[in-house]
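Q: One structure follows; several queries about it will come next.
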There are 2 protein chains.
Amino acid sequence: MTIPATLLVHGGAGPIPDATANPRFGGLARDGLAAAIEAGRRVLAGGGDALTAVAAAVECLEDCPAFNAGRGAVRNAEGDVELDAALMEGSRARVGAVSGLRGIAHPIAAARALLDDGRHVMLAGAGAEAFARRAGIETIDPQLLIDAAPGERASAADAESAARWPGDTVGAVALDASGALAAATSTGGTIHKLPGRVSDSALVGSGTWACDATCAISATGQGEYFIRTAFAHGVHALIQHGRRDLEGACRHMLSEVEALGGHGGCIALDRLGHVALPFNTAGMPRGLLRVGEPARIAVHPEETLRV
Amino acid sequence: MTIPATLLVHGGAGPIPDATANPRFGGLARDGLAAAIEAGRRVLAGGGDALTAVAAAVECLEDCPAFNAGRGAVRNAEGDVELDAALMEGSRARVGAVSGLRGIAHPIAAARALLDDGRHVMLAGAGAEAFARRAGIETIDPQLLIDAAPGERASAADAESAARWPGDTVGAVALDASGALAAATSTGGTIHKLPGRVSDSALVGSGTWACDATCAISATGQGEYFIRTAFAHGVHALIQHGRRDLEGACRHMLSEVEALGGHGGCIALDRLGHVALPFNTAGMPRGLLRVGEPARIAVHPEETLRV
């Protein structure tokens with residue numbers, strides 16, 4: 001039996017606002033997930049690789065204003081928007097990761113450029129930004145990202161968005177037709193974070209991991225707890241050495257996060273096409289595509305995603 | 001039988017220069033290791049905790065000009081010195097990590113301040129530096145660190161140091177009298193690195209890990225490979241789930257690094273006082289202390305360290 005190319009996306013684990021509190025969130029989030037899945041589908045259906053598919057999906061999620069990544073990311077303690085992203089290729093353990101980018105709307109593209117460059121696997125701060133500019137990654141006026149951030153605004157016209165949940169991290173994992181896995185994650189980090197704060201999303205082993213032999217994972221939640229538990233590599237290790245299945249490994253690592261006082265979730269996928277999308281928050285906007293089948297999307301907590 | 005408080009230190013895995021090529025290296029390195037062990041011994045013998053002991057030891061190693069950390073760290077591609085450090089407490093999984101600090105001679109002290117602050121576990125770039133300054137970490141004129149870096153110099157008087165091996169990362173792991181473990185690592189990163197490059201030393205799970213149930217680890221080598229293998233968390237996972245002993249787990253992860261083309265080593269310690277100090281380079285300056293016994297130090301490859 002051939003395993004179909006598969007893509008999972010998420011828009012962050014958290015307290016999803018109900019339709020009364022924020023009537024626009026559901027529609028925006030659903031549109032964002034659908035666009036991301038379509039971008040990934042185009043890559044996978046055309047025989048493209050998992051790494052390219054997850055980067056394409058995450059670029060779309062970065063464009064969606066409902067999510068805390070790219071446009072729509074939260075402001076830090078000084079009112080700036082600083083963005084993190086990472087991606088990993090399961091077949092060759094190639095990695096690209098960036099943290100603290102300003103004026104770059106698609107940090108995942110910068111992470112991909114770093115992976116392709118090959119000299120380093122992670123850059124942060126001004127050096128990361130300089131690399132992204134030299135690599136030809138599209139720039140944007142930092143003020144536009146600041147203006148697009150949720151939360152308190154100068155203008156009364158923006159009152160509606162002030163109510164919106166700041167969302168969380170976005171991510172994607174994919175299995176391509178050749179059986180290769182990849183994972184990508186992008187975030188604006190925690191609201192009012194200290195400048196320079198590095199998220200789990202930017203850290204391979206914490207928020208992002210991919211290994212063809214085990215799984216691809218993108219996590220979301222209170223990043224500090226996911227770093228302290230080495231969440232994503234922990235899922236990998238439980239499958240590799242601990243005889244856990246994908247769902248059991250994810251749930252075990254989430255229980256480690258919970259034991260420290262943290263909350264969140266993840267999406268995970270193995271080379272047999274098994275998927276897991278656990279979270280210990282009220283909800284997690286998420287979507288699944290098996291190439292050749294219709295996409296399935298769930299945003300509100302009461303929705304179930306038939307996988 | 002009571003297990004004595006134990007401390008391991010390292011000064012980086014690499015091609016240790018022989019006495020002919022650089023007569024000063026051996027003496028400097030030995031003095032640096034001895035001072036670090038003495039600083040850790042004072043903490044542990046006085047009933048202090050493992051976290052305080054590893055931070056004290058690494059501060060001394062940062063002061064030693066023979067090693068690529070603090071004073072003596074290498075310059076990046078733009079001629080600046082940017083420093084990384086991280087530490088982790090095995091009992092509560094508390095973490096502090098910093099990357100890209102300029103003008104701070106003791107990055108491990110900044111990492112410790114971040115751990116104590118508790119809001120975030122990792123900061124990078126200008127934000128990390130601003131935090132360190134606010135936390136009252138001692139600053140130094142960045143030019144003094146640049147002048148202290150090995151390699152090509154303006155002055156002919158510095159010709160001798162130009163020959164010296166740029167060294168590598170420093171680190172310490174400790175077991176205290178209460179049975180708690182901790183690990184700390186500090187580095188100047190790779191010579192001529194791109195500005196903003198984040199090392200494995202700064203990444204919990206890659207170059208640094210501590211968990212009382214398994215082990216404390218500080219790694220050294222070509223950091224990119226240690227990030228791509230999640231080296232330190234990999235050692236932990238092999239002990240926790242893979243039924244490996246400490247030495248076997250370290251050697252297995254070093255073989256994963258090697259399979260990708262990388263080299264390096266690590267020091268590791270478990271709560272029973274077992275130690276491992278493997279490396280796949282020509283040498284690794286290293287030292288061991290069991291509190292109440294004399295310290296043992298090895299610098300040159302032909303020396304053995306009776307553990």
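Q: Determine, yes or no, whether B:GLY196 is small (Gly, Ala, Ser), within 11 Å of another protein chain (Cβ to nearest Cβ) and crowded, with 24+ Cβ neighbours inside 10 Å. Working first, answer last.
A: Working: small (Gly, Ala, Ser): yes; within 11 Å of another protein chain (Cβ to nearest Cβ): yes; crowded, with 24+ Cβ neighbours inside 10 Å: yes.
Yes, satisfied.
Q: Based on this model, can you work out whether A:ALA56 counts as open to solvent by less than 20 Å² (accessible area, probe 1.4 Å) and under 14 Å from the mean Cα position of the chain (by Cα)?
A: The answer is no for A:ALA56.
Q: Still on this structure: Just give me the residues in segment B:21-45 being assigned to a loop (DSSP other than H, G, I, E, B) and open to solvent by 30 Å² or more (accessible area, probe 1.4 Å), in sequence order. Let's see the steps before the verdict.
A: We begin by selecting, within segment B:21-45, every residue assigned to a loop (DSSP other than H, G, I, E, B); these are B:21-22.
Matches in segment B:21-45: B:ALA21 only.
Q: Would you point out the residue of segment B:236-250, among those that are part of a helix (DSSP H, G or I) and within 14 Å of another protein chain (Cβ to nearest Cβ), that is most open to solvent (accessible area, probe 1.4 Å)?
A: My answer is B:GLN240.
Q: What's the total number of residues in segment A:128-150 that are open to solvent by less than 10 Å² (accessible area, probe 1.4 Å), outside any loop (DSSP other than H, G, I, E, B) and over 13 Å from A:ILE104 (Cα atoms)?
A: Adding up the residues that qualify gives 0.
Q: I've got another one for you. Regarding B:PHE231, is this residue in contact (Cβ under 8 Å) with a residue 40 or more places away in the chain and either more than 14 Å from chain A (Cβ to nearest Cβ) or under 19 Å from A:LEU203 (Cβ atoms) (or both)?
A: For B:PHE231, the condition - in contact (Cβ under 8 Å) with a residue 40 or more places away in the chain and either more than 14 Å from chain A (Cβ to nearest Cβ) or under 19 Å from A:LEU203 (Cβ atoms) (or both) - is not met.
Q: I've got another one for you. Can you name every residue in segment B:101-120 that is within 10 Å of another protein chain (Cβ to nearest Cβ) and open to solvent by 10 Å² or more (accessible area, probe 1.4 Å)?
A: Within segment B:101-120, B:ASP117, B:GLY118, B:ARG119, B:HIS120 meet the criteria.
Q: Among what's in segment A:216-228 and is open to solvent by less than 10 Å² (accessible area, probe 1.4 Å) and without any contact (Cβ under 8 Å) to a residue 60 or more places away in the chain, pick the residue that is nearest to B:ALA202 (Cα to Cα).
A: A:ILE227
Q: Go through segment A:251-283 and give me each residue that's surrounded by 23 or more Cβ atoms within 10 Å (Cβ to Cβ) and under 12 Å from A:PHE226 (Cβ atoms).
A: Scanning segment A:251-283 gives A:MET253, A:LEU254, A:VAL257, A:GLY264, A:GLY265, A:CYS266.
Q: Let me ask you something else. So if I check each of B:ALA86, B:ALA124, B:ALA149, B:ALA111, which one is closer than 28 Å to A:GLY261 by Cβ, more than 17 Å from the chain's Cα centre (by Cα) and of a type in the set (A, V, I, L, M)?
A: Answer to the check: B:ALA124.
Q: Follow-up. Against the condition not in a loop (DSSP other than H, G, I, E, B) and not charged (D, E, K, R), how does A:ILE217 come out, does it pass?
A: Yes.
The values are calculated or read from the model by the stated rules, or taken from the named source; none is laboratory data. Bear in mind the structure is a predicted one, so any value in this text is a computation, not a measurement. Positions of Cβ are generated from backbone atoms using ideal geometry, with glycine treated the same way; all protein chains shown enter the neighbour counts. These accessible areas exclude ligands, DNA and RNA; they are computed on the full protein's heavy atoms, side chains included. Shrake-Rupley method; radii C 1.70, N 1.55, O 1.52, S 1.80 Å.
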